Amino acid sequence: MIDSEPIYILAIESSCDDTSAAILCNDKVLSNVVATQKIHEEYGGVVPELASRAHQQNIVPVVHRALTRANIDKKQLSAIAFTRGPGLMGSLLVGTSFSKSLALGLNIPLIEVNHMQAHILAHFINEENAEIPQFPFLAMTISGGHTQIVLVKDYFNMEILGETLDDAVGEAFDKSAKLLGLPYPGGPLVDKYAQLGDPRKFKFPKPKVDGLNFSFSGLKTSILYFIQKEVKNNPNFITENLNDICASIQFTIVEILIGKLKKAAKQTGIKTIAIGGGVSANSGIRRALKSSEKDYGWNTFIPKFEYCTDNAAMIGIVGYLKYKDGVFAEPSILAKARYSI
Ligand code: KG4
Ligand code: ZN
């Protein structure tokens with residue numbers, strides 16, 4: 001490969017309920033288009049069948065918009081990178097099939113990407129004035145489907161040190177929000193109301209899970225019982241206390257996450273800490289992580305908002321890293337709903 005020749009990657013993400021396409025020139029993002037599917041709001045969660053249909057509808061216009069915004073013609077593309085998994089099979093199939101066909105049509109290589117690796121490697125997107133983490137570092141991936149602490153030794157050498165035994169942290173946010181009558185996805189709304197509330201007003205028990213694993217299903221149940229009890233005494237309890245309830249839930253979740261990170265940092269002796277995934281957009285965890293820099297001497301990395309929730313730019317940076325190493329996928333490659341990093 002000639003170093004000076006720019007590499008243009010078209011990246012496609014369709015693992016859950018966001019259809020996204022991005023264009024990267026080497027490690028820089030030229031465009032990153034995300035179509036969020038509103039249809040799921042009324043169902044209180046992602047309906048897989050509806051997600052696949054919406055991807056089918058969105059994918060061509062989203063790719064077209066990404067190319068237009070980047071001012072790139074598809075004939076200039078060097079390769080196509082796509083999310084192979086993990087995710088919802090019907091959703092993954094849309095992005096996978098589209099990418100395979102377009103790569104075949106354009107006669108360019110195809111690159112498969114693990115969505116969870118991409119949440120971590122999003123930190124290597126070249127942004128002005130942004131530092132990138134040095135290996136080895138600890139990454140905590142916090143999303144609607146996953147909660148993991150990962151030891152990142154190199155770009156593609158990662159080891160899971162701990163993960164959730166039941167619900168993901170994003171689910172804990174979304175299910176708590178649902179109990180409060182908030183629409184899906186409730187995480188960002190809990191965050192919004194939490195900013196106006198008292199985080200110490202209500203106490204919720206923290207799970208006792210050994211090592212670096214997590215558990216969030218008990219928290220959800222204790223919030224359910226708490227709300228049932230309070231609403232029995234005062235039917236307006238939720239509306240009268242929404243900000244304080246959200247602040248208290250968020251405070252508990254952030255304490256659980258930071259507690260495990262402290263344990264992981266102590267166990268490994270690593271103080272370079274990165275977060276990724278939708279929940280890293282949460283203002284509470286962002287604040288807590290920043291203050292841990294002076295509290296514990298950590299060097300922390302928090303993605304830009306648009307690279308926290310699902311997006312194709314993070315798929316594109318993995319595509320670029322694999323392209324440089326000549327790691328391409330076979331045209332017969334299949335999507336993988338369960339796909340460990
Ligand atoms: O990474 P992501 O977009 O999709 C998955 O791969 O799951 O993460 C989505 C999750 C949802 O559970 C959503 O409620 C949560 O991220 N989320 C938040 C915030 N923004 C997104 N949770 C708490 N606070 C936020 N600000
Ligand atoms: Zn994700």
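What about Leu165, is it within 24 Å of Gly45 (Cα to Cα), open to solvent by 10 Å² or more (accessible area, probe 1.4 Å), more than 16 Å from ligand 1 (Cβ to nearest atom) and in the same structural domain as Thr268 (by TED's automatic domain parsing)?
yes
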query: Taking the stretch 169-181 as the region of interest, how many residues are open to solvent by 10 Å² or more (accessible area, probe 1.4 Å) and either within 20 Å of Ser280 (Cβ to Cβ) or not assigned by TED's automatic domain parsing to the domain that holds Ile258 (or both)?
result: 3
- prompt: What about Ser91, is it open to solvent by less than 40 Å² (accessible area, probe 1.4 Å), touching a helix residue (DSSP H, G or I) at 6+ places or on another chain (Cβ under 6 Å) and over 27 Å from Arg338 (Cβ atoms)?
  reply: no
query: Any idea which residue in the stretch 6-38 is nearest to ligand 2 (Cβ to nearest atom), counting only those that are more than 18 Å from Ile125 (Cα to Cα) and open to solvent by 10 Å² or more (accessible area, probe 1.4 Å)?
result: Cys16
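Here's the yes/no breakdown for (1) assigned by TED's automatic domain parsing to the domain that holds Leu24; (2) part of a loop (DSSP other than H, G, I, E, B); (3) in contact with a helix residue (DSSP H, G or I) (Cβ under 7 Å, 6 or more places away or on another chain); (4) under 19 Å from Met116 (Cβ atoms):
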{"site": "Gln267", "(1), (2), (3), (4)": "no, no, no, no"}
{"site": "Ile273", "(1), (2), (3), (4)": "no, no, yes, yes"}
{"site": "Ile285", "(1), (2), (3), (4)": "no, no, yes, yes"}
{"site": "Ala288", "(1), (2), (3), (4)": "no, no, yes, no"}
{"site": "Glu293", "(1), (2), (3), (4)": "no, no, no, no"}
{"site": "Met314", "(1), (2), (3), (4)": "yes, no, yes, yes"}
{"site": "Ile317", "(1), (2), (3), (4)": "yes, no, yes, yes"}
query: Would it be correct to say that Arg84 is basic (Lys, Arg), under 21 Å from Gly278 (Cα atoms) and either away from ligand 1 (no atom under 16 Å from the Cβ) or out of contact with any Ser or Thr (no Cβ under 6 Å at 6 or more places or on another chain) (or both)?
result: yes
message: So for the stretch 190-204 (the condition being in a loop (DSSP other than H, G, I, E, B) and within 17 Å of Met116 (Cα to Cα)), does at least one residue qualify?
response: no
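Of all residues in the stretch 123-146, which are more than 16 Å from ligand 1 (Cβ to nearest atom) and open to solvent by less than 10 Å² (accessible area, probe 1.4 Å)? So that I can check it myself, show each step before the final result.
To start, the set of residues in the stretch 123-146 that are more than 16 Å from ligand 1 (Cβ to nearest atom) comprises 124, 126-138.
Pro133, Phe137, Leu138, listed by residue number.
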- prompt: Has the stretch 199-220 got any residue that is within 11 Å of ligand 1 (Cβ to nearest atom) and at pLDDT below 95?
  reply: no
message: Quick check on the stretch 223-232. Is at least one of its residues without any contact (Cβ under 8 Å) to a residue 12 or more places away in the chain, open to solvent by less than 50 Å² (accessible area, probe 1.4 Å) and of a type in the set (D, E, K, R)?
response: yes
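If you scan the stretch 189-206, which residues turn out to be surrounded by fewer than 17 Cβ atoms within 10 Å (Cβ to Cβ) and under 24 Å from the mean Cα position of the chain (by Cα)? Don't jump to the end; show me each part of the working.
From the stretch 189-206, those surrounded by fewer than 17 Cβ atoms within 10 Å (Cβ to Cβ) are 192, 195-196, 198, 200-201, 203, 205-206; that's our starting set.
Result: Lys192, Gln195, Lys206.
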- prompt: Is it true that Glu128 is closer than 30 Å to Leu224 by Cα and out of contact with any helix residue (DSSP H, G or I) (no Cβ under 9 Å at 6 or more places or on another chain)?
  reply: no
statement: By residue number, the members of the stretch 262-294 that are of a type in the set (Ser, Thr, Tyr) and either open to solvent by 60 Å² or more (accessible area, probe 1.4 Å) or within 13 Å of ligand 1 (Cβ to nearest atom) (or both) are Ser280, Ser283
field: Criterion violated by Glu306 - all others in (1) open to solvent by 40 Å² or more (accessible area, probe 1.4 Å); (2) part of a helix (DSSP H, G or I); (3) away from ligand 2 (no atom under 16 Å from the Cβ) satisfied
entry: (3)
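The values are calculated or read from the model by the stated rules, or taken from the named source; none is laboratory data. Here the structure is a predicted model, which means the values were calculated and not measured. Glycine gets a Cβ as well: all are built from the backbone with ideal geometry, and neighbour counts include every protein chain shown. Note: areas computed on protein heavy atoms with side chains; ligands, DNA, RNA excluded. Shrake-Rupley method; radii C 1.70, N 1.55, O 1.52, S 1.80 Å.
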